[in-house]
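Just below is one structure, and these are the notes that go with it.
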Amino acid sequence: MSAFQRQSTNRSLLEETKTLLTQITGEGFTHIRRNANGVAHRIAKFTAHVSTFVSWFEEPPDFIVDLLFEDCN
């Protein structure tokens with residue numbers, strides 16, 4: 001399968017998933033560029049290297065504090 005075919009298949013799967021989610025829950029997806037969603041991007045990068053369950057309560061993890069501060073200002 002070529003890269004173009006994989007991309008097309010992935011796009012079709014994504015569109016079908018978005019449609020089903022909207023029909024079932026009334027919720028949907030919105031694309032946000034990485035530079036406008038730095039906290040989510042940094043957490044996603046972090047989770048790619050974690051093999052155990054991690055949770056945070058009351059205090060955010062140190063590796064996103066700077067981005068949270070920027071978002072508030």
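List of remarks:
- Residue ID - farthest from Asp71 (Cα to Cα), chosen from residues in the stretch 15-59 that are modelled with pLDDT under 85 and among the aliphatic types (A, V, I, L, M): Ile32
- Residue match in the stretch 2-16 (condition: surrounded by 10 or more Cβ atoms within 10 Å (Cβ to Cβ), in the same structural domain as Phe69 (by TED's automatic domain parsing) and of a type in the set (D, E, K, R)): no
- Candidates are the residues of the stretch 17-45 that are assigned to a loop (DSSP other than H, G, I, E, B) and not polar (S, T, N, Q); the one that is surrounded by the fewest Cβ atoms within 10 Å (Cβ to Cβ) is His31.
The values are calculated or read from the model by the stated rules, or taken from the named source; none is laboratory data. Fair warning: this is a prediction, and the values are worked out from it, not measured in the lab. Every residue, glycine among them, receives a Cβ derived from its backbone with ideal geometry; neighbour counts consider all protein chains shown.
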